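Notes follow once the structure below has been shown.
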Amino acid sequence: MSGPQILKDTEDRMEKALDVFRNDLKGMRTGRASPQMLDSLRVDNYGTMSPIRDVASVTCPDASTIVIKPYAAESLKEIEKAIRSSDLGLAPNNDGKVIRLTMPAMSGDQRKKIVAAVKKSAESAKVSCRNIRRDGNKHFEDAEKAKTMTEDERDKGKAKVQDLLKVYEGKIDDLANKKEKEVLEQ
């Protein structure tokens, strides 16, 4: 691989690690209702485990309520079962047509636990990016050993990979800080 190819591959992989972190954050409770909280739920839909969005419309009429309206009435019980078995800690209120989820107020301890989970998830995203940096550096060293690039090109490439790492670690920190503020407000 050439230097630009190695950098492109490294950046693409770091972007994927950032996307995984973003998705992790979407599923974390903040005390405010959000349809994304249910994105990780899978519902038995005629023998196939499907995302909740495939079997129902999910809306938030206000900041503390999520309303789930299934496309097929038969899905109601399966959706309710998926919510009860999830780790969201929400009690579904089924009226026969829709399911309402009311977000209870979060205690200080719950907020601290969620902030700790955000920090842990951020650190694992950073570790992923550092592993990607290591792989990128290895590609540059291998290319230099194979005589497809000079030592100077290798060193410049490694410096660019390090700059990429700093950029992505900064993005991860920004996302984590925003989520922490969101969790701690109220």
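The values are calculated or read from the model by the stated rules, or taken from the named source; none is laboratory data. Note that the structure is predicted; figures quoted are calculated from it, not measured. Counting neighbours? That spans all protein chains shown, and the Cβs are built from the backbone with ideal geometry, glycine included. Surface areas here come from the heavy atoms of the whole protein model, side chains and all, with no ligands, DNA or RNA. Shrake-Rupley method; radii C 1.70, N 1.55, O 1.52, S 1.80 Å.
For the reader, a short list of remarks on this structure follows.
- Test: residue in the stretch 77-99 that is open to solvent by 30 Å² or more (accessible area, probe 1.4 Å) and either at pLDDT 95 or above or β-branched (V, I, T) (or both): no
- Failed item in (1) in contact (Cβ under 8 Å) with a residue 60 or more places away in the chain; (2) of a type outside the set (V, I, T); (3) exposed (fewer than 15 other Cβ atoms within 10 Å of the Cβ), with D19 passing the rest: (1)
- A single entry from K160, K126 fulfils the requirement of being in contact (Cβ under 8 Å) with a residue 24 or more places away in the chain and either in contact with a Leu (Cβ under 7 Å, 6 or more places away or on another chain) or outside any helix (DSSP H, G or I) (or both): K160.
- Residue within the stretch 109-124 that is among the small types (G, A, S) and within 30 Å of A56 (Cβ to Cβ) present: yes
- Some residue of the stretch 27-44 being at pLDDT 80 or above, of a type outside the set (V, I, T), over 28 Å from K120 (Cα atoms) and open to solvent by 20 Å² or more (accessible area, probe 1.4 Å): yes
- No other residue among I83, I68 is touching a Leu at 6+ places or on another chain (Cβ under 8 Å), in a strand (DSSP E or B) and more than 30 Å from M149 (Cβ to Cβ) apart from I68.
- Here K181 meets each of (1) outside any helix (DSSP H, G or I); (2) open to solvent by 80 Å² or more (accessible area, probe 1.4 Å) with one exception, condition (1).
- Cβ-Cβ under 6 Å pairs, at least 6 apart or on other chains, the stretch 32-50 side farther than 22 Å from E185 by Cβ and of a type in the set (V, I, T), far side open to solvent by less than 80 Å² (accessible area, probe 1.4 Å) and in a strand (DSSP E or B): V43/S50
- Matching option when the condition is open to solvent by 20 Å² or more (accessible area, probe 1.4 Å) and out of contact with any Pro (no Cβ under 6 Å at 6 or more places or on another chain), among A73, A122: A73
- Check on L76, closer than 29 Å to T65 by Cβ, touching a strand residue (DSSP E or B) at 6+ places or on another chain (Cβ under 6 Å) and assigned to a helix (DSSP H, G or I): yes
- Output for the stretch 1-48, where each listed residue is out of contact with any His (no Cβ under 6 Å at 6 or more places or on another chain), among the hydrophobic types (A, V, I, L, M, F, W, C) and assigned to a helix (DSSP H, G or I): L7, M14, A17, L18, V20, F21, L25, M37, L38
- Of the criteria (1) open to solvent by 40 Å² or more (accessible area, probe 1.4 Å); (2) in a helix (DSSP H, G or I); (3) at pLDDT below 90; (4) of a type outside the set (G, A, S), which one D135 fails: (3)
- Residues located in the stretch 45-59, provided they are open to solvent by less than 50 Å² (accessible area, probe 1.4 Å) and either under 19 Å from the mean Cα position of the chain (by Cα) or within 16 Å of L90 (Cα to Cα) (or both): S50, P51, I52, V58
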